[in-house]
Amino acid sequence: SQQGEEDPQALSIQEGENATMNCSYKTSINNLQWYRQNSGRGLVHLILIRSNEREKHSGRLRVTLDTSKKSSSLLITASRAADTASYFCATDGRGQGAQKLVFGQGTRLTINP
Amino acid sequence: GAGVSQTPSNKVTEKGKYVELRCDPISGHTALYWYRQSLGQGPEFLIYFQGTGAADDSGLPNDRFFAVRPEGSVSTLKIQRTERGDSAVYLCASSFGGARETQYFGPGTRLLVL
């Protein structure tokens, strides 16, 4: 069963606009990671945020984490056509099973030129 | 350096057949993971190796699924008596350590059972 839920399931915006995707999860975590997937194949790691961090930046990406609400957001600024992909959040738990990632269903992002 | 590689890229088989899917992790990564992704869903965990041993196989759906990593590097996921419901993309990932490390994914093997 999936732990995470991404919101929205699909997002379509114009090139140059900002895209925000949200993720909620259910149990305590060590880390939360965001991945991108093109055409249903391999996942590309974007960013990892630890449970004691609240915000992290990487290039045009900004990730926030609110452990009290069990939620995270991914912001892509100044979007480009090449950002079109599915985006997944993934969490790892604490204790036994900490090594396996639990993914949400993903947000399908379309950037229109 | 080279990333995680998986072979074959695509596999078409008939119901009831046996298949093997191979994963070559990033050199030096001790941890290896298998996930399965159905259409429109996120990946679901199958099994995790630390070195040669399966440290967590709680995600394997039934005893038709088995995975090995005999030398602590390459891993093979084996599916016996395949069923149409096994059709999915099988993803392999590796990480330098284990828990709390970034997992790097391969391109996946798309399995279609007819």
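Scan region B:3-31 for residues that are over 15 Å from B:Arg64 (Cα atoms), part of a strand (DSSP E or B) and at pLDDT 95 or above and the total you get is 10. Within region B:64-84, restricting attention to residues that are crowded, with 18+ Cβ neighbours inside 10 Å and free of Cβ contacts under 8 Å to residues at least 40 places away in the same chain, the residue that is nearest to B:Thr52 (Cα to Cα) is B:Arg69.
Consider region A:22-64. How many of its residues are part of a strand (DSSP E or B) and at pLDDT below 90?
Number of matching residues: 1.
Okay, residues lined up against (1) without any contact (Cβ under 8 Å) to a residue 40 or more places away in the chain; (2) in contact with a Gly (Cβ under 8 Å, 6 or more places away or on another chain); (3) closer than 25 Å to A:Thr107 by Cβ; (4) surrounded by 14 or more Cβ atoms within 10 Å (Cβ to Cβ):
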{"position": "B:Pro8", "(1), (2), (3), (4)": "no, no, no, no"}
{"position": "B:Lys11", "(1), (2), (3), (4)": "no, no, no, yes"}
{"position": "B:Glu14", "(1), (2), (3), (4)": "no, no, no, no"}
{"position": "B:Tyr18", "(1), (2), (3), (4)": "no, no, no, no"}
{"position": "B:Leu21", "(1), (2), (3), (4)": "no, no, no, yes"}
{"position": "B:Thr30", "(1), (2), (3), (4)": "no, yes, no, yes"}
{"position": "B:Tyr33", "(1), (2), (3), (4)": "no, no, yes, yes"}
{"position": "B:Gly42", "(1), (2), (3), (4)": "yes, yes, yes, yes"}
{"position": "B:Ile47", "(1), (2), (3), (4)": "yes, yes, no, yes"}
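Considering region B:32-42 alone, what residues qualify as being assigned to a loop (DSSP other than H, G, I, E, B) and either in contact with a helix residue (DSSP H, G or I) (Cβ under 6 Å, 6 or more places away or on another chain) or within 17 Å of B:Leu111 (Cβ to Cβ) (or both)?
Listed by number, the residues that qualify are B:Ser38, B:Leu39, B:Gly40, B:Gln41.
In the set A:Arg41, A:Arg62, A:Arg54, only one residue is within 11 Å of chain B (Cβ to nearest Cβ), over 16 Å from A:Glu6 (Cβ atoms), without any contact (Cβ under 8 Å) to a residue 40 or more places away in the chain and charged (D, E, K, R); that residue is A:Arg41. Scanning region B:71-93 for residues that are farther than 15 Å from B:Thr7 by Cα and modelled with pLDDT of 95 or more yields B:Gln80, B:Arg81, B:Thr82, B:Glu83, B:Arg84, B:Gly85, B:Asp86, B:Ser87.
Looking across region A:65-96, the residues that are closer than 30 Å to B:Gln50 by Cβ, away from chain B (no Cβ under 14 Å) and assigned to a loop (DSSP other than H, G, I, E, B) come down to A:Thr67, A:Lys70. Can A:Leu101 be described as surrounded by 21 or more Cβ atoms within 10 Å (Cβ to Cβ), modelled with pLDDT under 95 and either in contact with a Phe, Trp or Tyr (Cβ under 8 Å, 6 or more places away or on another chain) or among the aliphatic types (A, V, I, L, M) (or both)? Yes, satisfied. Of the strands (runs of 3 or more DSSP E) lying entirely inside region B:43-114, those containing at least 1 residues that are within 13 Å of chain A (Cβ to nearest Cβ) span B:44-50, B:53-56, B:88-95, B:109-113.
The values are calculated or read from the model by the stated rules, or taken from the named source; none is laboratory data. Computed from a predicted structure; not experimentally measured. All Cβ positions, glycine included, derive from the backbone under ideal geometry; neighbour counts span all protein chains shown.
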